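Only one structure is covered here, and it is reproduced in the block below.
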Amino acid sequence: MSADTCDWQNFSPGDLSYAFPIVSSGDVSASIARSSQAFPAWAALSLDERRDLLTQCADNLRAKSEEIAVLITRETGKPIREARLEMAAAIAKFDFTFADGERFLRDEAVAGGPHPALVRHCPRGPAAVIAPFNFPVHLGHGATLAYLLAGNTVLFKPSPMAANVGLVYAQVMQAALPAGVFELVQGWAPVGQELCLDPVVRAVCFTGSVPVGKALSVALASDYSKSLALELGGKNTAIICEDADLALAADAVADGMCLTAGQRCNATSRVLLHRSIADRFLDLLQSSLKRYRPADPLDETTLLGPLIHFSAHERYEQLISGSEGEWIVPGGILECNDKEQHGFYVLPAVVLVNDSAALDASPLAKCETFAPILVVEIFDKEPEAITRHEAWAFGLTASIFTSCDDAFSRIGALLSVGNLYRNLPTTFSPSTLPFGGWGNSGNGRPGGRSFLRFAVQEQAVQWKA
Ligand code: NAD
């Protein structure tokens, strides 16, 4: 039995009177043993056989889609309209992964060498998928499908704050797969760490915060043949040029900062704003933010749900009270007199900061806010905006608002980000593309489309005819 076991209970962050069943952390070594035992037979199936079994998983997931969407909303506070989109994306992921399988998993014959030859794409072994709370199905599911289709077995560890979503998702997957091929491992950080560091586990896809990603990187450095894919956080910036469509930019920034209550890796948490249009843009932003009033996430019309947890609530308060600048939109914690509906609701907040040096040293620059808080800085010349953007160590997404093709190319070429947009919210990340961060935001193994590349290892095979 693993050392760090415990029981816990989640409460709905949108309605703290709603309690979920108690969850117990899993036995990591027993799960790894089952996963390891199932691996050879699963790897020996043909690609088509594995795809057929995963197609049954797709049918199961489709049948449970609405039930799981409601569960996501209850357990994480994500507005129901967003939870439904998450489920739609998870279902669509099957076909994207199957298409990628045709592209990346078939043996490739190689001519022109001294002998007949081919390149094989071999599974690695049991793979750990460590998922965050904010997309409790979709993100871990993308890596899960890639690993499984490629012939790896999967040990799925959901966020403990979305443990009940994780349980139902696991039941759906397990119903169509041979025993041990998909293992659910519940638990907190020590369980995740034990799982990732175990030498039998040959691949890890970790989606979560930068400090944990860095610690895993260090801990696994000597196990150099274990594949580690890190999908980490961001400080995603909108650069608003003087020729931008300001109404469009204001709506995109408001959406980028408030979707999932700012708890997205690609949430907009920073704006670099040209001085000549600053007042007009900030007026439009304030109007646009009025759409985002905190409310019950189960209501179909709600755009802004609660934060996930008491600790996130506290962090929000500390960031606002501890940060210098002009609070153009003051934010605040929503006081609720109705105990039955009380949850971790906050208002959007916007701060204009002039002192770059002080800002660079503050938590607003160094940590993800993971709440609807936006920092605005003013620039006069384009190079200044680029320098300011590059001064922060994250590199997940950035969006440039301009009507000029040349300006977009010029500025875009100098931004160190894995995902670059023009006139779109920084949160715009369709499943048709790879998604990963540069700098502190990832280690160059993007998830999303084509993650299959990292679920296999290449083997060069040649023979004498
Ligand atoms: P987190 O880092 O606290 O936890 C993520 C997962 O890692 C959880 O399952 C957690 O239990 C587990 N974990 C914690 N410590 C661990 C350890 N030492 N070893 C192994 N596993 C451990 O993050 P969170 O609060 O659940 O999620 C939010 C974070 O995820 C944000 O930083 C966000 O930016 C990031 N994120 C990144 C992406 C991306 O694609 N780049 C997508 C979504 C979320």
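Quick look at the values:
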| read-out | value |
| --- | --- |
| Top-ranked residue in region 420-465 [being without any contact (Cβ under 8 Å) to a residue 24 or more places away in the chain and touching a helix residue (DSSP H, G or I) at 6+ places or on another chain (Cβ under 8 Å); ranked as nearest to the ligand (Cβ to nearest atom)] | Pro434 |
| Any pair with Cβ under 7 angstrom, 6 or more apart, that starts in region 215-243 at a residue that is in the same structural domain as Glu390 (by TED's automatic domain parsing) and ends at one that is open to solvent by 20 Å² or more (accessible area, probe 1.4 Å) and away from the ligand (no atom under 15 Å from the Cβ) | Ile240/His274; Cys241/His274; Glu242/His274; Glu242/Ser276; Asp243/Ser403; Asp243/Cys404 |
| Flag for Asp360 being in contact (Cβ under 8 Å) with a residue 24 or more places away in the chain, surrounded by fewer than 17 Cβ atoms within 10 Å (Cβ to Cβ) and of a type outside the set (A, V, I, L, M) | yes |
| Unique residue being open to solvent by less than 20 Å² (accessible area, probe 1.4 Å), under 17 Å from the mean Cα position of the chain (by Cα), more than 12 Å from the ligand (Cβ to nearest atom) and not basic (Lys, Arg) when the list is Ala170, Ala146 | Ala146 |
| Qualifying residue in region 195-218 (condition: out of contact with any strand residue (DSSP E or B) (no Cβ under 7 Å at 6 or more places or on another chain), more than 7 Å from the ligand (Cβ to nearest atom) and within 17 Å of Pro446 (Cα to Cα)) | yes |
| Subset of region 154-163 (residues that are out of contact with any strand residue (DSSP E or B) (no Cβ under 7 Å at 6 or more places or on another chain) and either away from the ligand (no atom under 14 Å from the Cβ) or free of Cβ contacts under 8 Å to residues at least 60 places away in the same chain (or both)) | Pro158, Ser159 |
| Region 30-61 - residue that is farther than 16 Å from Ala179 by Cα and touching a helix residue (DSSP H, G or I) at 6+ places or on another chain (Cβ under 8 Å) and, of those, surrounded by the fewest Cβ atoms within 10 Å (Cβ to Cβ) | Thr55 |
| Within region 421-465, tally of residues that are open to solvent by less than 30 Å² (accessible area, probe 1.4 Å) and among the β-branched types (Val, Ile, Thr) | 3 |
| Qualifying residues in region 296-351 (those that are among the charged types (D, E, K, R) and modelled with pLDDT under 90) - the one most open to solvent (accessible area, probe 1.4 Å) | Lys339 |
| Of all residues in region 373-406 being hydrophobic (A, V, I, L, M, F, W, C) and assigned to a helix (DSSP H, G or I), the one that is surrounded by the most Cβ atoms within 10 Å (Cβ to Cβ) | Ala385 |
| Selection within region 68-102 - surrounded by 20 or more Cβ atoms within 10 Å (Cβ to Cβ) and either among the aliphatic types (A, V, I, L, M) or modelled with pLDDT under 95 (or both) | Ile68, Ala69, Leu71, Ile72, Ile80, Ala83, Met87, Ala90 |
| Restricting region 438-464 to residues that are of a type in the set (S, T, N, Q) and not in a strand (DSSP E or B), the residue that is nearest to Phe104 (Cα to Cα) | Ser450 |
| Total residues in region 165-211, condition of a type outside the set (D, E, K, R), in a helix (DSSP H, G or I), over 25 Å from Asn266 (Cα atoms) and in contact with a helix residue (DSSP H, G or I) (Cβ under 7 Å, 6 or more places away or on another chain) | 6 |
| Among (1) closer than 30 Å to Leu230 by Cβ; (2) open to solvent by 60 Å² or more (accessible area, probe 1.4 Å); (3) in contact with a helix residue (DSSP H, G or I) (Cβ under 7 Å, 6 or more places away or on another chain), the one test that Ser409 misses | (3) |
| Residues of region 176-192 satisfying the condition of being open to solvent by 60 Å² or more (accessible area, probe 1.4 Å) and within 19 Å of the chain's Cα centre (by Cα) | Trp188, Ala189 |
| Of all residues in region 430-465 being in contact with a Phe, Trp or Tyr (Cβ under 9 Å, 6 or more places away or on another chain) and of a type in the set (Lys, Arg), the one that is modelled with the highest pLDDT | Arg453 |
| Candidates Val137, Val129 - the one that is assigned by TED's automatic domain parsing to the domain that holds Cys196, touching a strand residue (DSSP E or B) at 6+ places or on another chain (Cβ under 7 Å) and in contact (Cβ under 8 Å) with a residue 24 or more places away in the chain | Val129 |
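The values are calculated or read from the model by the stated rules, or taken from the named source; none is laboratory data. Every value quoted in this text rests on a predicted model; they were computed, and no experiment measured them. Methodologically, a virtual Cβ is constructed for each residue, glycine included, from the backbone with ideal geometry; neighbour enumeration extends over all protein chains shown. Heavy atoms of the whole protein, side chains included, go into the accessibility calculation; ligands, DNA and RNA do not. Shrake-Rupley method; radii C 1.70, N 1.55, O 1.52, S 1.80 Å.
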